[in-house]
Amino acid sequence: MNTTRYAAIAGTGSYLPPRIVSNDDLAAELATRNIETSDAWIVERTGIRQRHLAERGVTTSDLAVEAARQAIQDAGLRPEDIDLIVVATSTPDFVFPSTACLVQSKLGIKGGAAFDVQAVCSGFVYALTTADSFVRAGRSRHALVIGAEVFSRILDWNDRSTCVLFGDGAGAVVLSASDAPGVLAAQLHADGSQTKILCAAGNVAYGEVVGDPFLRMDGQAVFKQAVTVLERSARAVCAEADVPLDAVDLLIPHQANVRILNFLARKLDLPADKLMVTVDRHANTSAASVPLALDAARREGRARPGQLVLMQGVGGGFTWGSVLARLTA
Ligand code: ACO
């Protein structure tokens, strides 16, 4: 008798704040402050056409709860069935309590564990791997894993090289204990010597803001690093699962830039129809980008039960990682 316990994705959900800002809208807004950009520049360099931005006062936990409700319903569960909440975010509502605790309270869940994971744009892959370990170890039966961000809050809106790249949103999955394998393999990595190429190096101390809390990035260094580690990590996680790369049905990398995505798919020899792209409509939503794209793929019929999905994160830290999963729902 097989007594191995696995974790499988039982449901997904997503939420985008309703305000859509096109590149032209953004260019017009920046022009009022004599900052020049254009739809043509943004589309050519990044593939981004629009982003969703949260209204003032709307927080990460507000977005997270909407995505979570959908994922729980999609899994055919009730909030009280959830015994673990892991939220990946770099834009938490507060220093503490964790956004996961706020989500737990807003969903009316009593009991179980709740905590945040901070790995920037790799956050969801880190959170999913963490929850997978909890479920497989028997410490959780139904884990809610969320990636949620209001990155618009940490952007320097006077820096055109970064402010055009990001958006706000949330995506969620329910990861449930299962007799059949869902998550097949996962790998996480970090290289703390590369902190400076992508950071928001400020904090609150002594009652003041210390340092520079806005996102700063060396775009070309990030680009090179991202394509190198994503390719290596995709090959390694497939090797760990003993699955050939061409058996992957859908590649869902972190949605930073369409040039990174196309370059990666070419390097992995994956055809365009196996690459999920949402960066054009969502922009870069950091930890939310992979679960948002996964939910879109399922709703659009591009990710179906039985298929192999390769999810990848890469971002500040520098951090990166991959999760290979067979969809059962
Ligand atoms: N509009 C118009 N011009 C701009 C803008 C803008 N929004 N931003 C920068 N420029 C100008 C620069 O000032 C520069 O002008 P100059 O030649 O007169 O000095 C010129 O465009 C070229 O700037 P570069 O920074 O060299 O542009 P590049 O081709 O490298 O593109 C980009 C920048 C899109 C950021 C690119 O480096 C990139 O894709 N990097 C990957 C990083 C990424 O996607 N990060 C997302 C967050 S990280 C993550 O999620 C992992």
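The values are calculated or read from the model by the stated rules, or taken from the named source; none is laboratory data. All values derive from a computational prediction rather than experimental measurement. Cβ sites come from the backbone with ideal geometry, for glycine too, and all protein chains shown count toward neighbours. Keep in mind that these areas ignore ligands, DNA and RNA; they rest on the heavy atoms of the full protein, side chains included. Shrake-Rupley method; radii C 1.70, N 1.55, O 1.52, S 1.80 Å.
Laid out as a table, the results:
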{"item": "Proximal charge balance of MET217 [Cβ under 14 Å; K/R count +1, D/E count -1]", "result": "+1"}
{"item": "Within straight-line cross-link reach of LYS196, lysines at Cα separation under 23 Å, skipping those fewer than 8 residues along the same chain", "result": "LYS224"}
{"item": "Per residue, in Å², the accessible surface of the chain once ligands and nucleic acids are set aside, probe 1.4 Å", "result": "43"}
{"item": "Average silhouette area of the chain, convex hull of alpha-carbon atoms, in square nanometres", "result": "16.7"}
{"item": "Within the range 6-179, percent of DSSP bridges classed antiparallel, to nearest 5", "result": "70"}
{"item": "Amide H partners (placed H, <5 Å) of ASP116, local residues excluded", "result": "VAL87, ALA100"}
{"item": "Packing-based ranking, highest mean first, of 268-275, 180-187 given that Cβ atoms within 10 Å are counted", "result": "180-187, 268-275"}
{"item": "From phi via Karplus (6.51, -1.76, 1.60), per-residue ³J(HN,Hα) for the range 201-211 in Hz, x at Gly/Pro", "result": "8, x, 7, 9, 8, 6, x, 9, 6, 10, x"}
{"item": "Computed accessible area, THR89, all protein chains, 1.4 angstrom probe, square angstrom", "result": "10"}
{"item": "Computed accessible area, LYS224, all protein chains, 1.4 angstrom probe, square angstrom", "result": "140"}
{"item": "P(r), alpha carbons of the range 226-320 - 5 Å bins starting at zero, rounded %", "result": "3, 14, 27, 27, 20, 8, 1"}
{"item": "Within the chain, helix-based [θ] at 222 nm, where runs of 4 or more DSSP H residues each add -39,500 (n - 2.57), nearest 500", "result": "-9500 deg cm²/dmol"}
{"item": "Integer Hz, Karplus 6.51/-1.76/1.60 couplings in order for the range 159-164, x for Gly and Pro", "result": "10, 5, 6, 10, 5, 7"}
{"item": "Under-5 Å amide H pairs with LEU184, H placed in peptide plane, nonlocal only", "result": "LEU324, ALA325, ARG326"}
{"item": "Candidate aspartates and glutamates - alpha carbon under 14 Å from LYS274, same-chain residues fewer than 8 apart omitted", "result": "ASP246, ASP249, GLU300"}
{"item": "For peptides 6-17, 212-223, sequence by mean Cβ density within 10 Å, most packed first", "result": "6-17, 212-223"}
